[in-house]
Amino acid sequence: MPVALSYPGVYIEEVPSGVRTITGVATSITAFLGRASRGPTDEPITVNSFGDFIRVFGDLSPDFPLSYAVRDFYLNGGQQALIVRLAKNATASKNADLKLEAASVGLRGDKLTYTIDAKGITAEVAGRYGIAQADLFNMTVYEEPGKGRVERFLNLAVTVGAGARRLDRVLAAESNLIRVQKKADGSADLVAGRPTDSTAAEDPADPAATPASFKKFTGGGDSALLTAEADVVGDKNNKTGLYALDKADLFNLLCIPPDTREGDTLKEVYQKGMKYCADRRAVLIVDPPAAWGANKDTAAATARDGLSGLGLSGVEARNAALYFPRVIQSDPLREGQLDVFAPSGMIAGIMARTDTARGVWKAPAGLDASLSGIQGLQVNLNDAENGMLNPLGINCLRAFPVNGRVVWGARTLRGADQLADEWKYLPVRRTALFIEESLYRGTQWVVFEPNDEPLWAQIRLNVGAFMHNLFRQGAFQGSTPREAYFVKCDRETTTQTDINSGIVNIVVGFAPLKPAEFVVIKLQQMAGQIEV
């Protein structure tokens, strides 16, 4: 702010530059919806590796196709995912001795055990926490002894005045497996006295112990199958199901794997998911129905005839892409037997890999877009069959003799030639969504600023710098900035009427890079050409 001039001398004033750097948002954060063996429900949980997923939601399981889709995502180059676990009529296991319960529904009692001991507790430790030594105990929790995770909690107490080491507080803060049950008023239902120590036979670490003698939980049931649209879509007001993603700040891709390996995601779910993606500036990755590839001889024709039956049309289809056929993988939980899997997870991983290596404007297709971790395709399409589906906006997965299995299509579901849509190509659409989201977040500072030329000049400076940086990275068509993009914010875009209404209009345009979908090589025979 200006310096108040009150005495003769030299004054220093720092003048703001008006530069507010606009940072590009992430482009391949992938949201997954589906059932899992355990974990929080209706909450978007960030995981950065498949190991993270296992720790929170459990390992691979043939009962939960979501686990395979997330594995494929990371196997093919994915970096960050949001997992929304869905559950229907699932219950939590409980333990009567200490009034404990599983931290999440669906974690069955036969998978949880615990032990109690006083080893390592001294009078000094008891004094530090202000609790009598006789009241302190240690707890070890086992998830499927010998297989799953082990959690160890020291210096616990169940007395009301136990402070920070009270059982319910420690488990709530540190355990992913169990919690203390709550009373009707929401307070912890603590037992009256210290639990007795486990005997050697009750300790899973004791070679002489038997699982039947462990301190254990009972009850608990996995989620029922998600058979109805509401089971997946959920309720917008309560932010459940698909709408749990309202709690997430940003996601770019959405995968909703089939609830069973041989089943299909309901078309009504895809329709709602496509509309939601359009609202959130994201892209829905659609798995093909299993029946499309059931008969290899007629698969291409079945896909061609079945596309319209999905009901994925209209302007929101610009934010969706479908890939056909499904893929064949070995299942480590079924002795390596080959089975058919939906490809959406690995397609999202390939998009993330391409974004990192080349940028969101590069089509996630071609010889570099190889499918990792598969043994084959449900259907091996030939050129003619590919040529039947590509003009309809169905992206094909192909197998080539030398290059293996690759993604061989980059169109949105508005990519049919007959539609002549401006958002025909997936990289063009994703680039636009990236620019929109980045500018939306990067221009929040404009709100409530004086709406006149100084503001417009700052907007042109900052938005122009962002667009020029993309131009330098090769995101646009054109050899000069003037050919590649423009930014307008002045008296022409914002009239006096707009100013009176509190509106500032910023117009941004860009020349998108479109993929070289067809490469034509013309050969001419030069017969009888004589140099004179």
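The values are calculated or read from the model by the stated rules, or taken from the named source; none is laboratory data. The structure displayed is predicted, hence computed values, not measured ones. As a convention, Cβ positions derive from the backbone with ideal geometry for all residues, glycine included, and neighbour counts pool all protein chains shown.
When R261 is tested against (1) touching a Gly at 6+ places or on another chain (Cβ under 7 Å); (2) assigned to a loop (DSSP other than H, G, I, E, B), exactly one condition is not met: (1). Quick check on this structure: which one of S49, S67, S37 is modelled with pLDDT under 95 and within 23 Å of K147 (Cα to Cα)? Sole residue among the options that is modelled with pLDDT under 95 and within 23 Å of K147 (Cα to Cα): S37. For the range 308-348, filtering for residues that are over 19 Å from G263 (Cβ atoms) and touching a residue at least 60 places away in the same chain (Cβ under 8 Å) leaves 9. Scanning the range 281-295 for residues that are charged (D, E, K, R) and either within 15 Å of L310 (Cα to Cα) or part of a strand (DSSP E or B) (or both) gives a single hit, D287.
Against the conditions (1) closer than 28 Å to I435 by Cα; (2) in a loop (DSSP other than H, G, I, E, B); (3) in contact (Cβ under 8 Å) with a residue 24 or more places away in the chain, D249 satisfies every one except (3).
No other residue among V327, V407, V340, V379 is under 30 Å from F510 (Cβ atoms) and either of a type in the set (A, V, I, L, M, F, W, C) or under 21 Å from the mean Cα position of the chain (by Cα) (or both) apart from V407. Close contacts from the range 127-146, counting a first residue that is at pLDDT below 80 and a second that is among the polar types (S, T, N, Q), with Cβ to Cβ under 8 Å and a gap of 6+ residues or different chains, come to Y129/N155; P145/T113.
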